[in-house]
Amino acid sequence: MATMAVTPSTVMVTGNTGIDALQWAASLEVPWTDPRLAALEDGRQIIVVTAHRRENWGLGIAGIVEGVARIAHARPDVTIVVPMHPNPIVRTPIEAGLSGFDNILLTDAIDYVEFARLLKMATIAITAATAITNMTGPTCSLNQSPRPPLPLELLPVEPVVGAVGVSVMQV
């Protein structure tokens, strides 16, 4: 706004209740439903992957699974957490392609508070879910990582995502 010659005294900062709620949820010390998630609190690098959007069904999920498997092979020092949607159209190819990796943790769907905590611990979030992209972007400050999430598409889903920057990862 400074570049638009807006007088600072006329600007009122009100906050963002969605981001405030996310940061509050991420700070709660509730027990993990899946005990394997508690073991991740040791400071290791974590990548969180979500892949449940209808637009990704079929070949999209297959490509996401292939990409995550390539990351797992290339970076055995990183733990990849994949909370799986209960829909078998999504879950079946993820389980088939990513089970058996020592550094991939496949979980059932995670509730909001636990997911917020998981995102706070994550180094990177790879997702096609606009809500997660917006929640973990540079304006959120949920974790200390300066990197924005990596969307699973070449074009932003919403203009706001493009405004904060979009990264595409090649492996």
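The values are calculated or read from the model by the stated rules, or taken from the named source; none is laboratory data. These figures come from a predicted structure and were not determined experimentally. Methodologically, a virtual Cβ is constructed for each residue, glycine included, from the backbone with ideal geometry; neighbour enumeration extends over all protein chains shown. What goes into the accessible areas is simple: the full protein's heavy atoms, side chains included, and nothing from ligands, DNA or RNA. Shrake-Rupley method; radii C 1.70, N 1.55, O 1.52, S 1.80 Å.
When we screen Ile94, Ile110, Ile46 for residues that are over 14 Å from the mean Cα position of the chain (by Cα), closer than 30 Å to Ser27 by Cα, among the β-branched types (Val, Ile, Thr) and modelled with pLDDT of 90 or more, the only hit is Ile94. Yes or no: Thr33 of a type in the set (Ser, Thr, Tyr) and either touching a Leu at 6+ places or on another chain (Cβ under 9 Å) or touching a residue at least 24 places away in the same chain (Cβ under 8 Å) (or both)? Yes; evaluated as a whole, the condition is true for this residue.
Scanning segment 52-104 for residues that are touching a residue at least 60 places away in the same chain (Cβ under 8 Å), open to solvent by 70 Å² or more (accessible area, probe 1.4 Å) and farther than 22 Å from Thr123 by Cβ turns up just one, Glu55.
Every condition in (1) in a loop (DSSP other than H, G, I, E, B); (2) touching a Leu at 6+ places or on another chain (Cβ under 9 Å) holds for Arg44 except the one numbered (2).
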